[in-house]
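Participant: One structure, pasted below without further comment.
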Amino acid sequence: MKKNAGNIIFIVILVMLTGIIFRKVFFASKIPFPSNLQMAFFAPWVSYPTREYPSGPPAKPLGFDNIKIYYPVRSLITEIVRSGQFPLWNPYTFSGTMLHGTFQAGVFHPASLLFYILPQIDAWTIIIILQPILTGLFTFLYLRGRSLSTRSSIFGALGYAFSGIMVVWWEEMFIGVYSILFLPLILFAIDRLRTKFTLWRYLLLVTASLASLFSGWFQGTFYVWVFTGFYILTLFLSDKKRDVKKILLIILGLINAIVLGSIQLLPGMESYFESVRRASDVKGMFDEYLVSLTHLVTFIAPDYFGNPAVHNYYGKGFYHEQVLYVGIPIFLFALYEMYHFRRNNIHNIFFKISTF
């Protein structure tokens, strides 16, 4: 009973925090979509004041991908699928471009079903609001499965669900955050499979890994795969019995996810190799977008280099691609754990090295 009470308390806290953040959706009929910025991104409207905006249309140096790419592409996909066709091609960009082949289209993501049931903006809103809730639930499930206390699990789950990288990407990308929010669920499935193999646990591993791939942000999925690979290696090294059979079954589950995901992977690779991005200057992109050591200060002061919301951001790349901030409490506890010298098992060492 006490255990269930802790779970209920966590769910209440998680839903309340999410409701507070998205309160304008529920109480002011707002939507998590920057539609008020549309005029600023298109001519000739950008050049003319209106009655609503006598000083000219509002403009911010962010949110344009939603307006120019993600929302209209999702509308196109829904229209094509409803007409009984498969969304292979986008005839409206340049002389035509691949549609299903672009990872960010998210054609196969499970949440895409909402767009065929609800009006697009309603489905869009629900998908965005679900992000912190699913992240928190999956992380809490994993931490409790690692036998952490309810209090520690709540702290860790809320820390991940409302970390800086999550918050700044909620609205910017259609389902980009979904690529990394499945990580705790993948780790949970792996832990369960180590204790006892069942078909349901195996399917959970395959499904969670596949959902990450279908979420539209391959970079995030790649990070998840790399982290998962080292996690499996750590578990194998820490297992005194060295149960090779269970480890191989876990690896087989990940391979199955990749094989099933080839319906997205292969067209995505083809799309990349046929695009001009393949011939772009990689050094220039690395110099502009990779997080530099100077950004470590944002662990303490997230807006040290400014914020695009008030037009004073002067850091490299885009603000949301440089975020490290996880909150002062999380940061302090992480530092304490990193430098808390005690007898660590290989699992503790793995997470300390990963954090570093």
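The values are calculated or read from the model by the stated rules, or taken from the named source; none is laboratory data. Only a predicted model underlies this, so the values are computations on that prediction, with no experimental measurement involved. Here the Cβ is made from the backbone with ideal geometry for all residues, glycine too, and neighbour counts use every protein chain on show. Side chains included, ligands, DNA and RNA excluded: accessible areas come from the protein's heavy atoms. Shrake-Rupley method; radii C 1.70, N 1.55, O 1.52, S 1.80 Å.
Participant: Using a 1.4 Å probe over the heavy atoms of the protein chains, calculate the carbon and sulfur portion of the accessible area of the stretch 214-355 as a whole percent.
Facilitator: Within the stretch 214-355, the accessible surface is 69 percent carbon and sulfur.
Participant: Further question: Sorted by average packing, counted as other Cβ atoms within 10 angstrom per residue and highest first, what order do 165-173, 294-302, 88-96 take?
Facilitator: For the peptides 165-173, 294-302, 88-96, the packing ranking is 165-173, 294-302, 88-96.
Participant: Classify the stretch 200-356 as rounded, prolate or oblate, taking a ≥ b ≥ c as the square roots of the eigenvalues of its Cα gyration tensor: rounded when a/c is under 1.5, otherwise prolate if a/b is larger than b/c and oblate if not.
Facilitator: Oblate is the answer for the stretch 200-356, as a/c is 1.5 or above yet b/c matches or exceeds a/b.
Participant: Also, I was wondering about something else. Answer rounded, prolate or oblate for the stretch 249-340, using the Cα gyration tensor with square roots of eigenvalues a ≥ b ≥ c: rounded when a/c is under 1.5, else prolate when a/b is larger than b/c, else oblate. Intermediate results must be reported in sequence, preceding the final value.
Facilitator: Details: a/c = 2.90, a/b = 1.36, b/c = 2.14.
Oblate shape, in that a/c is at least 1.5 and b/c is the bigger or equal ratio.
Participant: Based on Cβ point charges of +1 for Lys and Arg and -1 for Asp and Glu, what charge dipole magnitude is obtained for the chain about its Cα centre, in debye rounded to the nearest 20? Could you put the intermediate results ahead of the total?
Facilitator: Working: 29 positive and 17 negative charges, 334 e Å.
Computed about the Cα centre, the dipole is about 1600 debye.
Participant: To the nearest Å, what is the center-to-center distance of the stretch 1-71 and the stretch 111-146, using C-alpha atoms only?
Facilitator: When both Cα centres are located, 16 Å separates them.
Participant: Let me ask something additional. Rounding to the nearest 10 and keeping the result within 0 to 90°, find how far the Cα-based axis of helix 150-161 lies from the longest principal axis of the chain.
Facilitator: 30
Participant: A follow-up question, please. Is the shape of the stretch 1-134 rounded, prolate or oblate, going by the alpha carbon gyration tensor and its root eigenvalues a ≥ b ≥ c, with a/c under 1.5 for rounded and a/b larger than b/c for prolate? Write out the running numbers ahead of the final one.
Facilitator: On the way: a/c = 2.83, a/b = 1.29, b/c = 2.19.
Oblate shape, in that a/c is at least 1.5 and b/c is the bigger or equal ratio.
Participant: How much solvent-accessible surface does Thr195 expose, in Å² to the nearest 10, with a 1.4 Å probe and all protein chains in place?
Facilitator: Here the accessible area works out near 90 Å².
Participant: Additional query: Working from Cα positions, state the angle (0 to 90°, nearest 10) between the long axis of helix 71-82 and the longest principal axis of the chain.
Facilitator: 80
Participant: Right, something else. If I ignore ligands, DNA and RNA and count only protein heavy atoms, how much of Ile117 is accessible to a 1.4 Å probe, in Å² to the nearest 10?
Facilitator: 130
Participant: Something else: So which residue, out of Ala208, Ala111, Ala279, gets the largest mean-square fluctuation from a GNM of the chain using Cα contacts under 10 Å as springs?
Facilitator: Ala279
Participant: Picking from Phe197, Phe174, Phe218, which is most flexible by a Gaussian network model of the chain using Cα springs under 10 Å?
Facilitator: Result: Phe197 has the largest fluctuation of those listed.
Participant: Taking amide H positions as placed 1.01 Å from N in the peptide plane, with prolines and chain starts having none, which residues 5 or more places from Trp89, or on another chain, fall under 5 Å of its amide H?
Facilitator: Sorted by chain and number, the residues that satisfy this are Leu99, His100.
Participant: A further question follows. Going down the list Lys196/Lys241; Lys240/Lys352; Lys68/Lys283; Lys60/Lys316; Lys283/Lys316; Lys246/Lys352, which pairs span over 23 Å between their C-alpha atoms?
Facilitator: Numbers: Lys196/Lys241 14 Å; Lys240/Lys352 21 Å; Lys68/Lys283 27 Å; Lys60/Lys316 17 Å; Lys283/Lys316 14 Å; Lys246/Lys352 25 Å.
Where the Cα-Cα span goes over 23 Å, the pairs concerned are Lys68/Lys283; Lys246/Lys352.
Participant: Can you tell which of Thr18, Thr50, Thr198 shows the greatest fluctuation in a Gaussian network model of the chain with Cα springs below 10 Å?
Facilitator: Thr50
Participant: Using DSSP to define loop residues, name the GluC sites (Glu not before Pro) in the stretch 283-342 whose beta-carbon has at most 16 other beta-carbon atoms within 10 Å. Let's see the in-between values first.
Facilitator: Working: sites: Glu288, Glu321, Glu337; in loops: none.
When the GluC sites (Glu not before Pro) of the stretch 283-342 are filtered for loop state and at most 16 Cβ neighbours within 10 Å, nothing remains.
Participant: Let me ask something additional. Roughly how tilted is helix 218-238, in degrees to the nearest 10 and between 0 and 90, from the longest Cα axis of the chain?
Facilitator: 0
Participant: Sticking with this one: Return one whole number: the accessible area per residue of the chain in Å², for a 1.4 Å probe.
Facilitator: Details: 20580 Å² over 356 residues.
Computed with neighbouring chains in place, this is 58 Å² per residue.
Participant: Determine how large the accessible area of Arg144 is when every protein chain is in place; take a 1.4 Å probe and give Å² rounded to the nearest 10.
Facilitator: Roll a 1.4 Å probe over it and Arg144 shows about 70 Å².
Participant: Whenever you get a sec, compute what percent of the accessible area on the stretch 60-118 sits on carbon and sulfur atoms (1.4 Å probe).
Facilitator: Accessible surface attributable to carbon and sulfur in the stretch 60-118 totals 64 percent.
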